[in-house]
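One structure is given here, and the rest of the page talks about it.
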Amino acid sequence: MNLNELDMIVSVSRKTDIPAFYADWFFNRLEAGFVLYKNPFNANQVHRVELTPENVDAFVFWTRNPQPFISRLDLLEPYIYYFQYTITGYPRYLEKSTPNPYKAIETFKNLSRIIGRERVIWRYDPILLSNTLTIQEHKRLFSKIADLLNGYTDKVVISFADFYKKTERNLKSVQIPIKLENTISKFEFFNILDKEFEDNLKELVLFMKNVAKENGMTIETCSEEIDLKIRYGIEITHGKCIDNELLEKIAHKKGFPSKKDKGQRQACGCVESRDIGIYDTCVHGCQYCYATTQHDKATENKKKHNPESPFLLGDFPTSFTDEQRAEKLKPPSLKTSKLSANEQPSLFDLFD
């Protein structure tokens, strides 16, 4: 790999959990050397991403359950990569099908032992404040998980829940379990960044900062406009989840792409990448998810998935000719031109 020519990081994926639900498909595509996806705003536009070691500078994996990857990590040896691994411990009525937290923590530890602690980043996000997820409950969950992950990661990333229309609709549909009905009749959620919760926010982030430090972790925010150092004097910096500096540290070489990804929110610090995921295909059932509009739709889409297809979901547009199909399916070249990250639709383009 010529690090003087590095210009493509592949994100796997902000839009869905490929390690958890589509591992067979991913490794099939790795063997084929490329992946195809359709523009969600123009189904007749098909993009191709080369996946050979010569064309991929690095992978960044986003997941709540990398277990299906672990037995096949040897297939990733030619690549530079790391994992963004979310564990929150939220209740089942908010995270219907995520792994049991203790099982998730054991998987996290196992992955860390295999690939190294610097390549497994813990995400406690998004932080959702509600009448059941109180400040005290967040303190309890965060400190418990941090204690159990002590020695297995160098970093924890936090963010605060954003309330898009689709997110609010899903959260408003949350049903409180019967065992809570005697004390709480209805699930209610709040924006922790609202001024009325300023003291609560300061209390929580200071607590998280101290707990992270006690457990050998740095702490960063993800895509947050609020500057906690300026606002409260708390040393929690803005992070970049797709991080060229971390990749250089892992690879022991310089030269990874450093240009900010303009396709993401203004507050996002990530460098440019290509994301190969599809919206509405994650079936963890998180009620606050930004990338899943309807959980029933995601379940139906997963049923349509074909692990042998070059597409994560769907097929070529009916308008495609045999020649167009053949061009997209040709064997990978050693080095190809790449679609700019700015030509890709952002996750946040789908929300108003």
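Read-outs throughout are calculated quantities, based only on the coordinates presented, and are distinct from any laboratory measurement. These numbers were taken from a predicted model, which means no experiment stands behind them. As a convention, Cβ positions derive from the backbone with ideal geometry for all residues, glycine included, and neighbour counts pool all protein chains shown.
Tabulated results
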| quantity | calculated |
| --- | --- |
| Angle between the chain longest axis and helix 198-214 axis [Cα atoms, degrees, rounded to 10] | 70 |
| Most positive-pole-ward Cα, L133, I18, V60, against dipole of region 14-142 from beta carbon charges | L133 |
| Least to most buried among I236, I176 (fewest other Cβ within 10 Å first) | I176, I236 |
| Rounded tilt (10° steps) of 135-148 against the dominant C-alpha axis of the chain | 60 |
| Rounded to the nearest 20 debye, dipole of region 3-350 from Cβ charges on Lys, Arg, Asp, Glu | 440 |
| Among P331, P19, P53, residue whose mean-square fluctuation peaks in a GNM of the chain (springs only between Cα atoms under 10 Å) | P331 |
| CD proxy at 222 nm, helix term only [per DSSP H run n ≥ 4: -39500 (n - 2.57); per residue of the chain; nearest 500] | -8500 deg cm²/dmol |
| The chain, relative contact order in percent, only Cα pairs under 8 angstrom and at least six apart counted | 24 |
| Among R119, R64, R325, residue whose mean-square fluctuation peaks in a GNM of the chain (springs only between Cα atoms under 10 Å) | R325 |
| Using alpha-carbon coordinates, inclination of helix 295-304 to the longest axis of the chain, degrees | 30 |
| Coil-residue GluC sites (Glu not before Pro) of region 190-250, DSSP, other Cβ within 10 Å capped at 15 | E225, E235 |
| Fewest-first sequence of M8, M217 by Cβ atoms within 10 Å of each Cβ | M8, M217 |
